[in-house]
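The values are calculated or read from the model by the stated rules, or taken from the named source; none is laboratory data. Not measured: the values here are computed from a predicted model. Please note: Cβ atoms are built from the backbone with ideal geometry, for glycine as well, and neighbour counts cover all protein chains shown. These accessible areas exclude ligands, DNA and RNA; they are computed on the full protein's heavy atoms, side chains included. Shrake-Rupley method; radii C 1.70, N 1.55, O 1.52, S 1.80 Å.
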Amino acid sequence: MLKHLLIRDSQMVIQSRKSVPLLAILLVCLSTVSVSAQRRGKTVDLFNGKDLSGWVTAQGEAVTAGWDVVDGMLKLTGKGGGNIFTDRKYADFDLEFEWKIPVGGNNGVKYRVREYDGAILGIEYQLLDDSAHKFEKSSKQSCGSIYAIKGPSIDKVVKSFDEFNHSRIVVRRNHITHYLNGAVICEQKVGNRDWDERIAQSKFKDRKDFGENKSGLIMLTEHGNETYFRNIRLTPLGRQP
């Protein structure tokens, strides 16, 4: 059944000689969330506030270092913590989460993550202290952007570094929307001419069909800075892999 799951996802182009880490993740498919619950669109907690159940390393193993649970929050301890991944793929979804980073902090949440020629990549919601990095509020590298592809609205509101921001990512087929603190800040269609032009001008230009897969993992990244997450919830929109 697992073999069939991997084969039928025609968008997941996986070469076995390069794919051991990601295959390991994909094979960890025994989740506490039932398929029937996902089809009903039931909201599920991706973080239970107690431990790292449902999250795995790039090798598909339990997370035992670099990330911790502190006072009901998921904490990335800093440099060397490594990226962590959901233990199952998602297609269309409504994902919300709260986060905060220190002054000068940089991190991100990636989705529809898959393997591209040995690199595990996905579309990214950028988490950043814009002021410390001196990016314009609408930069493609700034907070809330579709990282390196499209910048957010210039009138976005980012809270102080010691406060939690609320972010939301809605993915419906080929349309993605980023929210920040209750407001839409960035929208983009995937796979059309505008998307192709943006990709051609980005760091992903050599990644064939970047972001056009219909499903993938969700990744909490590590860019060397301490980061806190809480209230990570996902509502499936339609049938899931």
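Overview of results
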item	result
Inter-probe distance in nm under a simple model that places probes 7 Å from Cα toward Cβ, at residue 59 and residue 239	3.6 nm
Top positive-direction residue, dipole computed over region 144-241 with Cβ charges, set 186, 231, 217	217
With all protein chains modelled, accessible area of residue 61 [1.4 Å, Å²]	110 Å²
Residue-level accessible surface for residue 116, protein heavy atoms, 1.4 Å, Å²	10 Å²
FRET efficiency, 1/(1 + (r/R0)^6) with R0 22 Å, evaluated for residue 136 and residue 228 via beta carbons	0.25
Residues residue 103 and residue 70, FRET efficiency given R0 of 22 Å [Cβ-Cβ distance, rounded to 0.05]	0.70
Accessible solvent surface per residue of region 105-182, calculated while the other protein chains remain in place, 1.4 angstrom probe, Å²	40 Å²
Point-to-point label distance, residue 153-residue 50, nm (Cα→Cβ direction, 7 Å offset)	3.9 nm
Area accessible to solvent at residue 175, 1.4 Å probe radius, in Å²	60 Å²
